[in-house]
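Here's the structure we're looking at; comments come further down.
The values are calculated or read from the model by the stated rules, or taken from the named source; none is laboratory data. What you are looking at is a predicted structure, and each value in this text was computed from that prediction instead of being measured. We place every Cβ from the backbone using ideal geometry, glycine too, and count neighbours over all the protein chains shown. Calculation scope for accessible area: heavy atoms of the full protein, side chains included, ligands and nucleic acids excluded. Shrake-Rupley method; radii C 1.70, N 1.55, O 1.52, S 1.80 Å.
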Amino acid sequence: MVVKMVSLTIDGRAVAVPAGTLVVDAAKKAGIDIPVFCYHPKLDPVGMCRQCLVEIGRPLIDRATNQFILDADGKPKISFGPKLETACTTPVSEGMVVVTDSDKVVAARKDVLEFILTSHPLDCPICDKGGECPLQNLTMRYGPPVSRFLFDEKMHLAKHVPLGELIYLDRERCIQCGRCVRFQSELVDDPVIGFSQRGRALQIVTFSNPGFDSIWSGNTTDICPVGALTTADFRFGARPWEMNASASICNHCAVGCNLTYNVRREAKAGGKTVIKRVMPRQNEMVNEIWLCDKGRLAYHYMESDQRLEQPLVRKGGELVPAGWDEALNLVTEKLRSAGNRMVMLVGGRLSNEDLFNLGELTEAQGGQKLLYSYMGGGDLVSRFAPPKGSNLGELGAGSVVLVVACDLHQEAPLWWLRLKQAVKRGAKLIVASARPTRLDKFATHVVRYAYGEETRTVAAFLPVNVAGAPQVIQSAAKTLTEAEDLIVIYGSDGLYLEESTALARTCAELLLKTNHTGKVNSGLLAAWQNGNLQGGWELGFRTVPDLAERLEKAALVWVAAADPAGDDPALAKAVRRTGFLVVQELFLTETARMADVVFPVLVNAEREGSYTSGERRVQRFYPALPPKGIVPEARPDFAIPALVGEKLGIELEDHSAALVMEHIAAKFAAFAGINYQRLAEVAEQWPPVGGSDLYYGGTSYLNRQGLGVTLSDVLQGESLLNPAPIQTTQRQKPSADALPVYPIQLLYDRGTTILPSALLHERLVQPAVWVHPTTAAEHKLQSKARLIYEGEAVEVAVLLSEQTPPKVALLPRSVGLLGYWLEA
C-alpha cells in the first residue's frame, strides 16, 4: 500500500511524515519534544491539558488555482493563526510550519504548568512516582520557578482512596488528564472508572462492583503522568532509582508478554533480593506496552515459603530430605533398570532448554516424550502458523480473523486486545462459540453452536460444505473466502484433548482450502493455557489420549512442571500404580507427594532461558534474582536431566542455557540460526517509552534485551494433514436427568503459580459449576449438586449465570474439580 507523505517544517527543520500524523507525533519522530500530559500515542487525542500548545502556520492558497501563493523568493507565504493550537489534536498538512520554542509558546507552557500545580501537593520526596514522574520532569524543564498561588488555597482531598483492592488513588495528585479513564473506555472496553463532579472538584471514581473491575487496571498506573494511581502491590514499596531492572517473559498464557522485574535487596527480607514490581517491556510485535493484571501481579509464587528447598527421597513410605548425590544416584539406578519403559511428562512452565535436555535424556532411554495439556494440535500450529514477518498489530482492511471455541479475553488477553484494535483498523472478525464472550461486540459475524458442535461448525465454513448451510454460516464463509489475510485462533472452551485435536485439524483444513497458508499474517494459532506448550510441540513432545494407561504401564515416570494427580483423579490412580515416580517441581504438588524422588527447581526469575510463544516467537528471559537467594539448593530444570545423563554416559549441557540453545538449533530445523545473541537483538519501536520519554509513552520499559525471533517455516501442504479419523470419547450418561458439564478456562484460576499472590484472591474463580437459572429450575438444582467423574461423585457448589447456555453446566479449570455430569 502506497503511503502518502506530507512535508512540513518544525522549528526550522524539514520533516516528512505520513498523512494524518498529528503534529506532536511528527515532532517526536523528528527528535523534537513537545510536552504533553493528556496525550498518549496509543489513545485518541482530546486536547484537555493544553500543555502541547504551539504556533502553527499554513501556506496561503489561491482559491482560483488551489495552489500555494508564493512570495518574492518563490516560497509559499505562511499565515500564522492568532492563537496557539494543540499539537496533539492537529494533523499535519503540506507546507505547514510549526514553532515549538517561541516566547509565546514558552509563556503558555509555564502558565499551563502553573495552573496544574495550583492544587498539586508538593510531596515529591515521598511520592511513588518520584524519579519517573512526567510532571516533575516537565516542571523542571518548562515550568515556573515559583508559584504565585497561596498555599492555603490548595484543594485538600483524600490521599488513600481504594478504587478497588488492586489500585489506589491519591486525589490530590490527580491532574485530571483523563489518560486512565480513556484507556479503560476506548482501549480495553472496560469503562469502570470515570470523572465525577466539575471544575476544581473533578475527581476519578469507580463505577463497578467490585471496584475497578478490570483485568487491565495496572496499566493505568504506567500511563498516569503523576503519582495519582498506584498498585496496592507497590505503593510506598521502593523508589525507582533504588531498584535494578531485569528483562523477562510472562509464562501465564500463550502470548509471551515482555516484562521487566524491578528488584532490590531489603532489610525486611533479611538482606535478600526481592521483586518489588513487574512492569511491561515494550514489544510492538507481542504485547506492545501493556500487561494484564495476572501477568503483572501473579509473581509472588517465586518468593513463597512453600517452595521446595532440597531433594526429597521416599524412605519407609515417607518423603524425607536427601542430598543431591543420593537423589541423583537413585534416579540413575532406576533409569538403568527401566530401560525404554520410561515416560517423560512435561508441562508448559518449562523453558525450551529444559524441554530439550529432558527430551534428549528420554530419547537416549528409548522412552516416551509426552506433553501435559488438555489441548492438541500443536503439530499443526508448527506447520500452519503465520510465517515470519506476521504481526497482529498490522491486521486491518482486508484481514479476517476467525476465533473458535475460545474466550480470548480470559485465555489470551493481549490477543483479545490486539484483535479489538485490528477491528478498529478495518479487519473483520468472526467469532464462533457456544457462549457469549467479550469479543462478540466487535465481530462482523457471531456464530453460535451447541457444545460438541465445534468441529462441525468450522467444517461448515469449507467451500465444499457451505451450500445449504444457515445464512450466518454462508455469510461468514463468504467473508473467509474473500479475505486477503486469514488468521484462525482456536481455544479450549468446552473441549478436551481429542475434541481440540479434531478442531485444530479442521481449522488447518479451512486455511488450506481457502488458500491462506504460507502467507504473512495468515495461519493457525492456539490459545494454550501455559506459556511454552508450543515450545514442547516444536521440540518433539506430544499429547496422547491414553495418558493414564501409559503412566500406569511405565516402569519409571518422570514428571516436570505438571501435576496430573492434582488435576485428574483418574491420572492420580495411574500415577500411584507406576513403577517409580520422579518429579521436578517448585512446590509439593499432589503428584510430588506421590513421588519416590522430588527435585527442587528454580523459577524463571532466578535463571536464564527462552520460551516459544503461541505465535512461534522464541524469546529470551534473564535472571533477576540470585539463584541461591531464595532456595539455595534448587537447580534450573535443564540441569537435572543433564546431571542424571552424566551418570548414564549421556552428554548434556548442565551449566549454560545459551549452550543448550545451540544444541537445539543444531538438531531442530525450525530453530536453525537461533542463538542468544540473535534473541537479544532489538530495533527501534514506536512509540518511544521510558527514560526521557516517560511523559510521552509512559513508564513501560524500553526493550533493550531482545524482541525475539520467529521460528523458521516448516513444510505446509494438504498431505501433512493426517487423514486418520480422530476418535473422541463417548461418555455414558449416568441418569436421564444428568446435565453435561463442559470445562472453560478463566484468567484468574486457582493454579499453583497464582494462589500465592494474596492480592488476587478476591478475583480468583470459585470452585463451583455455572448453570443457567432456567436450567437449574428444570433440573431442580439447589445451591449444591453432585459432580460426577468416572463413576464417582463429589458435592459441588452451584452458581447461577445468565451467560451460561441452557441444558449444560460449565466448570472452570484449575479449581480442584473435574467432572463430566451434574446431578441434583
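Tabulated results
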| read-out | value |
| --- | --- |
| Semi-axis lengths (Å, descending) of the ellipsoid that matches the C-alpha gyration tensor of region 5-101 | 25, 13, 12 |
| Exposed-loop-free span, longest in the chain, where chymotrypsin sites (Phe, Trp or Tyr not before Pro) count as exposed if DSSP calls them loop and at most 16 other C-beta atoms lie within 10 Å | 237-824 |
| Per residue solvent-accessible surface (Å²) - region 5-101, probe of 1.4 Å | 47 Å² |
| Cα-derived Rg to Rh of region 75-114, Kirkwood definition | 1.00 |
| Difference of contour (0.36 nm per residue) and Cα-Cα distance, Lys441 to Ala201 | 82.9 nm |
| Estimated inter-spin distance, Arg456 and Ile32, nm [label 7 Å along Cα→Cβ] | 6.5 nm |
| Separation between Cα centres of region 382-414 and region 339-354, rounded to whole Å | 29 Å |
| Mean projection area, nm², convex hull over Cα of region 266-377 | 11.7 nm² |
| Total formal charge among the other residues, if their Cβ is under 11 angstrom from that of Val343, Lys/Arg +1 and Asp/Glu -1 | +2 |
| Estimated 222 nm signal from helices in the chain, with DSSP H stretches of n ≥ 4 weighted -39500 (n - 2.57), rounded to 500 | -6500 deg cm²/dmol |
| Ratio of the Cα radius of gyration of region 603-652 to 2.2 N^0.38 Å, where N counts its residues | 1.39 |
| Histogram of C-alpha separations across region 739-823, 10 Å bin width, % | 19, 49, 27, 6 |
| Estimated FRET transfer efficiency when R0 is 51 angstrom, pair Thr729-His160 (beta carbons, to 0.05) | 0.40 |
| All lysines inside 28 Å of Lys110 as judged from Cα atoms, apart from same-chain residues fewer than 8 positions distant | Lys28, Lys29, Lys42, Lys83, Lys129, Lys154, Lys159 |
| Equivalent ellipsoid, region 183-251 (semi-axes from 5 times Cα gyration tensor eigenvalues, Å) | 26, 17, 11 |
| Sum of side-chain charges, Gly708 neighbourhood, beta-carbon under 12 Å (Lys, Arg +1; Asp, Glu -1) | +3 |
| Accessible surface of the chain, 1.4 Å probe, proportion on carbon and sulfur as whole % | 52 percent |
| Neighbour net charge for Ala459 - beta-carbon separation under 11 angstrom, K R +1, D E -1 | 0 |
| Net lengthening on full extension, Lys667/Ala793 (0.36 nm per residue, minus Cα-Cα) | 40.6 nm |
| Per-peptide average of other Cβ atoms within 10 Å, ordering 4-11, 622-629 highest first | 622-629, 4-11 |
| Relative contact order (%) - criterion: Cα under 8 Å, at least six apart; region: the chain | 12 percent |
| Loop-resident sites, region 751-824, for trypsin sites (Lys or Arg not before Pro), counting at most 13 other Cβ within 10 Å (DSSP) | Lys780 |
| Of every Cα-Cα pair in region 72-218, the percent that sits beyond 28 Å | 37 percent |
| Relative contact order [Cα under 8 Å, 6+ residues apart], region 149-303, whole percent | 18 percent |
| Cα pair distances in the chain, grouped into 20 Å bins until the bin that holds the longest one, percent each | 14, 44, 32, 8, 1, 0 |
| Percent of Cα pairs exceeding the 22 Å cut-off, where the set is region 378-527 | 30 percent |
| Segment Asp71-Asp44, extension gain: residue separation times 0.36 nm, minus the distance between their alpha carbons | 6.0 nm |
| Low-density loop positions, GluC sites (Glu not before Pro), region 622-672 - DSSP coil, at most 14 other Cβ in 10 Å | Glu633, Glu651 |
| Inter-centroid distance (Cα atoms) of region 567-607 relative to region 631-662, Å | 19 Å |
| For region 112-152 versus region 177-198, the gap between their alpha-carbon centres in whole angstrom | 24 Å |
| Reachable lysines, given that their alpha-carbon falls under 16 Å from the alpha-carbon of Lys315 and they are not under 8 places away in the same chain | Lys334 |
